[in-house]
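**Student:** This is the structure I have questions about; it appears just below.
None of the figures in this text is laboratory data; all of them are computed from the coordinates on show. Predicted model, so just to flag it, every value in this text is computed and none were measured. Because the Cβ atoms are built from the backbone with ideal geometry, glycine has one as well, and the counts that use them run over all protein chains shown.
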Amino acid sequence: MSLSDLDDDNPNQATPPRSLIVTVYGLYAREGGGWISVSTLIQLLSVLDVDDQAVRSSISRLKRREILVSERRHGRAGYALSPYARSVLHTGDRRIFERHAARDDGWVIAVFSVPESERRHRYQLRSRLTWLGFGTVSSGVWIAPGHALADTRDHLQRHGLDQYVNLFYGDYVAFGDPAELVGHWWDLEALQKLYDDFVAEFTPMAGRWADHERNTLSDRDAFVDYVHVLTAWRRFPYLDPGLPSALLPTTWSGTKAADLFFELRSALERPAHRFARDLLADS
């Protein structure tokens, strides 16, 4: 499910309603054909303390961006995922919900040039490369760990951007220290801060679900917590290039953050699904 591509909010800002809506659609709408009625969506978001005016405003923005499309079913107004959104969600499921050990398997180099008359495609290409985990060596030379090759080739071809790019695959052989260079290619300090903030914010949540108080927590509580933690987490597989541990700072907290997310997912996923399924069944 990705989703950074769908709602493109600043990860340093408070969670806006549209990000919660994208999470809800990614988790629960596809089981019902990708559609949720307006009234049910408002009900689901009200559980997350989002009022109906904010829901409607956020839906309008997602519709303008062709992420949601209006559709009536059985005489009821609602919104369905666009084909584009479905594709991004499907691709993102693997990156967000599966853990992959980072490997030292070389580098992918993307060298590109886009004419000034097609600057829109230049912006789109840079956005896609960032989404795929690339860092910047120079304005037209971007780099990613070797494991990004297959997704990069497939994604650029699927979105018609391959005509602007040449991809190379190889090893770094000289003349610097790769562990120092990656700090120039990616803003690892900023990413470390985001991981630290994630751990600080959601560790207390894990404690609530791990101790004896868990018996007093409801499926509704699980839904609220799961939507919030997933909305916060789902950006990281796109911000984090997946560098080998030898190239990361010794203080790196990405692994700790991932452990925390998957612990919470294990505790919350099923009861949250039950709560959402019951509301969707009644819609």
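**Student:** For R270 paired with S39, estimate the spin-label separation in nm (one decimal), with each label point 7 Å from Cα along the Cα-to-Cβ line.
**Tutor:** Reported label-point gap for R270 and S39 is 3.2 nm.
**Student:** Identify, among A190, V88, V108, the residue whose Cα sits farthest towards the positive end of the charge dipole of the chain, taking +1 on the Cβ of Lys and Arg and -1 on the Cβ of Asp and Glu, with the dipole about the Cα centre.
**Tutor:** V88
**Student:** How high is the FRET efficiency from A174 to F97, r the C-beta distance, R0 30 Å, rounded to 0.05?
**Tutor:** Details: r = 39 Å, r/R0 = 1.29.
Approximately 0.20, to the nearest 0.05.
**Student:** Give me the orientation-averaged projected area of the Cα convex hull of the stretch 172-216, in nm², one decimal.
**Tutor:** One quarter of the hull surface, i.e. the mean projection, equals 4.7 nm².
**Student:** Which order, highest average first, do 172-181, 69-78, 143-152 follow once you tally other Cβ atoms within 10 Å for each residue and take the mean per peptide? Mind dumping the intermediate values first?
**Tutor:** Working: 172-181: 9.7, 69-78: 12.5, 143-152: 18.9.
Top of the packing list down: 143-152, 69-78, 172-181.
**Student:** Right, here's the next one. As an exercise, use a Förster radius of 45 Å and the Cβ-Cβ distance of T251 and H74 to find the FRET efficiency, rounded to the nearest 0.05. Don't jump to the answer; show the numbers that get you there.
**Tutor:** Values: r = 55 Å, r/R0 = 1.21.
With a Förster radius of 45 Å, E is 0.25.
**Student:** In whole angstrom, how long is each semi-axis of the equivalent ellipsoid of the chain, when you take the square root of 5 times every eigenvalue of its Cα gyration tensor and sort them from largest down? Mind showing how you got there, number by number?
**Tutor:** Numbers: eigenvalues 241, 126, 41 Å².
Rounded to whole Å, the semi-axes are 35, 25, 14.
**Student:** Still on this structure, please answer the following. If I take every Cα pair under 8 Å that is 6 or more residues apart in the chain, average their sequence separation and divide by the length, what percent do I get for the relative contact order?
**Tutor:** In percent, rounded to a whole number, it is 23.
**Student:** Moving on to the next point. Which of the peptides 106-115, 219-228, 196-205 is most tightly packed, and how do the rest follow, going by the mean number of other Cβ atoms within 10 Å of each residue? Walk me through the intermediate numbers first.
**Tutor:** Working: 106-115: 17.0, 219-228: 20.5, 196-205: 15.3.
With the highest mean Cβ count within 10 Å placed first, the list reads 219-228, 106-115, 196-205.
**Student:** Can you check what the net charge comes to around L156, using other residues whose Cβ is under 11 Å from the Cβ of L156 (Lys, Arg +1; Asp, Glu -1)? Walk me through the numbers on the way to the answer.
**Tutor:** Details: positive: R128, R153, R158; negative: D151, D154, D162.
Neighbourhood net charge equals 0.
**Student:** Let me ask something additional. Find, among the GluC sites (Glu not before Pro) in the stretch 92-153, those assigned to loop by DSSP (not H, G, I, E, B) with at most 15 other beta-carbon atoms within 10 angstrom. Could you put the intermediate results ahead of the total?
**Tutor:** On the way: sites: E98, E116, E118; in loops: E98.
Taking the stretch 92-153 and a limit of 15 other Cβ atoms within 10 Å, the loop GluC sites (Glu not before Pro) found are E98.
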